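As structure tokens, the structure follows; a few thoughts come after it.
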Amino acid sequence: RPTHQRPRRRWLFLASRQIPQCFLYRVEQKCQQLSALGCESRVVLQDQLSDPLWSHQLLWADAVMVCRLPGVVPVLNAIARAKTAGLPVFYDVDDLVFDAQFCPPALSSYAGTLSPEFHRRFVLDVPLVAAAKQACDAVIVSTNTLAERSRALTPEQSVFVFPNLAQSELCAALREPSLRLDEQPVRLVLATGSGAHKQVWREELAPALAELLARYARIELILLGPWQLP
């Protein structure tokens, strides 16, 4: 069918929970935003796409959002079914995982936190992600840099930029009365959910933080995630 023109009030997300921070920003945060706009959303996980019954959700949906999934057969079939039903299909991605020229970064940049075997799998996944992205009608990215690369690689696709935002819990905490800085330590929090960017951490950021901690007694450093202290 041709793409329908009715209001896009009901959004169907096709996603994976494999990377928690991606699920947070690609799925959970967008579902919250849609709800605030008076829309509805549902989520179908990647492993459910092998069951033909998932496609009943297309009868409910007004639009489909494919969240950083690779172009394996069940995912490409799902995109094709959505288009057959006349639904607009968007591809949502927050990284250069569709760009073989720049992704993945060299194995050395992970500073030993990633095995050579996993890095090779990463390399093989890039063309699969690119295939799923190209099969969709339009692209949603989180930064202007990603938008520029997407337009360069697939100029025929429309691109929309929606930044990753602070979680609702953090926004609520900011609205609470704050304590005077001169009464509390200054806390620096570094959080990561992956093994990426560890070379720059070891060679540049960690030494700079060590110098700050030695110079200022009131600074506390809190590390969340798989950091390795050099």
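A few remarks follow.
- For the chain: Kirkwood Rh in Å [reciprocal of mean 1/r, alpha carbons]: 20.0 Å
- Calculated from backbone phi, Karplus (6.51, -1.76, 1.60) coupling profile of the range 97-102 in Hz, x at Gly/Pro: 5, 9, 10, 5, 6, 10
- Interchain or long-range residues, amide H under 5 Å from ILE219's placed H: VAL186
- For the range 48-134, the fraction of C-alpha pairs farther apart than 19 angstrom is 47 percent.
- Legend: calculated FRET efficiency, LEU229 to GLN5, from the Cβ-Cβ distance at R0 = 41 Å, rounded to 0.05, equals 0.15.
- In this structure, the amide hydrogen of VAL44, modeled 1.01 Å from its nitrogen in the peptide plane, lies closer than 5 angstrom to those of PHE13, LEU14, ALA15, counting only residues at least 5 positions away or on a different chain.
- Computed E for LEU153/ARG215 - FRET, C-beta separation, R0 41 angstrom, nearest 0.05: 0.35
- Calculated log₁₀ intensity ratio I(q)/I(0) where the Debye formula runs over C-alpha points of the range 3-111, q = 0.17, 0.18, 0.22 Å⁻¹: -0.83, -0.91, -1.25
- Along the chain, longest interval not containing exposed chymotrypsin sites (Phe, Trp or Tyr not before Pro), exposed being DSSP loop plus at most 14 other Cβ atoms within 10 Å: 103-215
- Each Cα pair under 8 Å and six or more residues apart adds its separation to the average, and for the range 20-123 the resulting relative contact order is 22 percent.
- The mean sequence distance of close C-alpha pairs (under 8 Å, at least 6 residues apart), as a share of the length of the range 121-177, puts its relative contact order at 31 percent.
Each reported figure results from applying straightforward, stated rules to the coordinates on display, with no laboratory input. Computed from a predicted model, the values in this text were never measured in an experiment. Methodologically, a virtual Cβ is constructed for each residue, glycine included, from the backbone with ideal geometry; neighbour enumeration extends over all protein chains shown.
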